[in-house]
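Novice: This is the structure I want to talk about, given as structure tokens.
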Amino acid sequence: MSNLSFNSHGVLAIYRFEMARFMRTIWQSLVAPVITTSLYFIVFGSAIGSRMSEVGGVPYGAFIVPGLIMMALFQESLFNGSFGIYFPKFTGTIYELLSAPISSFEAVLAYVGAAATKSVVLGLVILATASLFVPLHIAHPFLMTGYLVLIAVTFSLFGFILGVWANSFEQLNVVPMLIMTPLTFLGGAFYSIEMLPPAWRVVTLFNPVVYIIDCFRWSFFDMADVNVALSFGLTVGFFVACLIAVSIIFKTGWHLKN
């Protein structure tokens, strides 16, 4: 096979395999987020929404929708992206992948593409569930969809890196549980950072998740706490950094060949 050819059969084989695993557990994968989203609306809507009806002119129930979607997207993308490559490492089938007539770009495209597809489907399911509880009007639907895909791909790439790095299932959960979850809750998922005291607001601006959630919320309500161009630029920068990291991993064989 020429080095310039694209192995579409190999990419589709890996993609279909990953999606088949998702389809086998589709009810658990989709029902659990629907229940979780419903509980958030019931708890936050009754406990906080009754005391804080609007945030920046947006009903509180609608205000938290982008944060809920991003919170689920982070977790799902990291899990699917990391598990997809970690499981072949765990079972030893990674060597079959490395010796197969498929390039590193094609392998990443298949694994990350499948992980991002699952995440986007989950995000749309949560969006549909949220619309049952609160009326939603998306100010920039095409930008919202594009940004949703960008975040899904970026964090699936990040998850892929974590899957290569991890040597155990415990390590696989360190970043999603101990880092991403706290950063998300402190990143304005359920509140505007303008509501914080000035000192805490400055501290919060060092949280990268703030910019991701805020840019996504802007696509819904055309309102933002931080500069939208800066938020989008940081997201694209993180995406590029993940691409470079994955390229180095395959070039050096780090944690893959030993």
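The values are calculated or read from the model by the stated rules, or taken from the named source; none is laboratory data. Owing to the predicted nature of the structure, the values given are computational and were not obtained by experimental measurement. All Cβ positions, even for glycine, are placed from backbone atoms using ideal geometry, and neighbour counts span all protein chains on display.
Novice: State the number of residues belonging to the range 68-115 that are β-branched (Val, Ile, Thr) and under 30 Å from VAL43 (Cα atoms).
Specialist: 1
Novice: When you check PHE190 against the structure, is it under 19 Å from the mean Cα position of the chain (by Cα), in contact (Cβ under 8 Å) with a residue 24 or more places away in the chain, at negative phi and not in a helix (DSSP H, G or I), yes or no?
Specialist: Against the criterion (under 19 Å from the mean Cα position of the chain (by Cα), in contact (Cβ under 8 Å) with a residue 24 or more places away in the chain, at negative phi and not in a helix (DSSP H, G or I)), PHE190 qualifies.
Novice: May I pose another question? Of everything in the range 68-100, what is of a type in the set (S, T, N, Q) and assigned to a loop (DSSP other than H, G, I, E, B)? Give them in sequence order.
Specialist: The one that is of a type in the set (S, T, N, Q) and assigned to a loop (DSSP other than H, G, I, E, B): THR93.
Yes/no matrix, rows are residues, columns are (1) hydrophobic (A, V, I, L, M, F, W, C); (2) touching a Leu at 6+ places or on another chain (Cβ under 6 Å):
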{"residue": "GLU194", "(1), (2)": "no, no"}
{"residue": "VAL210", "(1), (2)": "yes, no"}
{"residue": "CYS215", "(1), (2)": "yes, no"}
{"residue": "PHE220", "(1), (2)": "yes, no"}
{"residue": "SER231", "(1), (2)": "no, no"}
{"residue": "CYS242", "(1), (2)": "yes, yes"}
{"residue": "THR252", "(1), (2)": "no, no"}
{"residue": "LEU256", "(1), (2)": "yes, no"}
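Novice: Assess whether SER119 counts as being free of Cβ contacts under 8 Å to residues at least 12 places away in the same chain and not acidic (Asp, Glu).
Specialist: Here the answer is no, as SER119 does not meet what is asked.
Novice: Somewhere in the range 139-156, is a residue surrounded by fewer than 17 Cβ atoms within 10 Å (Cβ to Cβ) and of a type in the set (S, T, N, Q)?
Specialist: yes
Novice: Can I ask one more? Return yes or no: is PRO197 surrounded by fewer than 17 Cβ atoms within 10 Å (Cβ to Cβ), within 16 Å of the chain's Cα centre (by Cα), modelled with pLDDT of 90 or more and not β-branched (Val, Ile, Thr)?
Specialist: Answer is no for this residue.
Novice: Here's a follow-up. Taking interchain pairs and intrachain pairs at least six residues apart, which have beta carbon atoms under 6 angstrom, with the first residue in the range 136-163 and on the phi < 0 side of the Ramachandran plot and the second polar (S, T, N, Q) and surrounded by fewer than 24 Cβ atoms within 10 Å (Cβ to Cβ)?
Specialist: Once the first residue is on the phi < 0 side of the Ramachandran plot and sits in the range 136-163, its partners that are polar (S, T, N, Q) and surrounded by fewer than 24 Cβ atoms within 10 Å (Cβ to Cβ) give HIS140/SER219; LEU143/SER219; MET144/SER219; TYR147/SER219.
Novice: In the range 206-258, how many residues are touching a strand residue (DSSP E or B) at 6+ places or on another chain (Cβ under 8 Å) and either in a loop (DSSP other than H, G, I, E, B) or β-branched (Val, Ile, Thr) (or both)?
Specialist: Residues meeting the conditions: 1.
Novice: Under the condition of being of a type in the set (Gly, Ala, Ser) and within 21 Å of ALA189 (Cβ to Cβ), which residue from the range 211-232 is surrounded by the most Cβ atoms within 10 Å (Cβ to Cβ)?
Specialist: SER231
Novice: Right, next: Assess whether THR181 counts as being at pLDDT below 90 and farther than 20 Å from GLY84 by Cβ.
Specialist: So THR181 passes the test.
Novice: In the range 11-43, what count of residues is obtained for those that are buried (at least 17 other Cβ atoms within 10 Å of the Cβ), touching a residue at least 60 places away in the same chain (Cβ under 8 Å) and farther than 19 Å from ASN80 by Cα?
Specialist: 2
Novice: Additional query: Hey, among the residues in the range 101-144 that are among the β-branched types (Val, Ile, Thr) and in a helix (DSSP H, G or I), which one's farthest from ASP222 (Cα to Cα)?
Specialist: Result: VAL108.
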